[in-house]
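Report on the structure given below.
The values are calculated or read from the model by the stated rules, or taken from the named source; none is laboratory data. Note that the structure is a prediction, hence the values are computed from the model and not measured. When we count neighbours, we look across all protein chains shown, and the Cβ atoms used for this are built from the backbone with ideal geometry, even at glycine.
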Amino acid sequence: MASLATNFTAFLFLFPVGLRRLLFSSSLYLKNPSLYRSKPWFFSDQRFKNLDLYFLIISLPIASFSEFFFFLTFSGHPTYKYSFFSQSFSLFIFWALILVIIFRECYDTFLVNESFVYVLAGFSFLIEYTVIGKGVVGLGGVVYDLLCDLTLVCAFACLVLAIRPTSFFAEFFLSCGLIFKGSWLLQAGFSLYTDAFAFKGCHKISLSVAKGNVDVKCDLQEDGFRGISLINLLFVVHAMGVLFGSFVLFAFLSRNRNSRYSEASGPLLAQLESDSTLTRPVPEFELE
């Protein structure tokens, strides 16, 4: 079962990755929009700026094996044993995706091209979509249904980038989707798994052994309806916050060139600019 700790950990995974993609992709796009091309991971020349990637390499398999251990030892309802196994497999797929990205960057082989990486990422998000909120009904089910919608947005954005890696629109949706997922998971952790931040008249999420599902218990039916309305309102507030923040960041980077990240002026852009210079037609001068 999920908890505030697991939701907060997922927030620490998703939010920095999405923010990093948004910063680097926007910087690269603003450098030269006509030469923009999305990358599976925006590596930096300075190793300490890649700490989030190393953190994912270490933490994802640990989290996957922990979920698998719960699958083997959990003696409760079969629905939750399946949920633990599915979540373990989903985390393992994302870990494999990170390893493929590193292999692609180190060896630059044509056997693993960028389109394959994006297809694998989209497949990973689709697997995650099938396991999110498994067995959660009622008020908690509404929260996780919205999270499923965000996961589908990320999956389709990856598939679009696999076909057209020059689409900054798809990259923007992928980055904002990751940021949105992180913030919404944090919101779900506070709203569903704590009594202090629970909706008025409702309690934190609990397991119903008889029915084999998880639900948020509310004192009155009207409290449940009010909770659903508040969930939808909070989702809109999160969406407006992520959209407004991304537009402010994009405007800030467009006006301040010195604030753009170094990856936007790295070897990839230098190579693209040199290719563009070579293919540019030489102007003809008239001699008098």
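Sub-7 Å Cβ pairs linking a first residue in the stretch 244-255 that is in contact (Cβ under 8 Å) with a residue 24 or more places away in the chain to a second residue that is outside any helix (DSSP H, G or I) and surrounded by 12 or more Cβ atoms within 10 Å (Cβ to Cβ), at least 6 apart or interchain, are L253/R260, ordered by first then second residue.
Residues are listed down the side, and each one gets a yes or a no for (1) crowded, with 22+ Cβ neighbours inside 10 Å; (2) touching a residue at least 40 places away in the same chain (Cβ under 8 Å):
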{"residue": "V137", "(1), (2)": "no, yes"}
{"residue": "A155", "(1), (2)": "no, no"}
{"residue": "P165", "(1), (2)": "no, yes"}
{"residue": "G177", "(1), (2)": "yes, yes"}
{"residue": "L186", "(1), (2)": "no, yes"}
{"residue": "L192", "(1), (2)": "yes, yes"}
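Here the stretch 49-93 is the region considered, the condition is being at pLDDT 80 or above and among the small types (G, A, S), and the residue that is surrounded by the fewest Cβ atoms within 10 Å (Cβ to Cβ) is S59.
May I ask you to verify whether L186 is at pLDDT 85 or above and either in a helix (DSSP H, G or I) or more than 17 Å from L150 (Cβ to Cβ) (or both)? Step through it out loud before you land on a result.
Working: at pLDDT 85 or above: yes; either in a helix (DSSP H, G or I) or more than 17 Å from L150 (Cβ to Cβ) (or both): yes.
Answer is yes for this residue.
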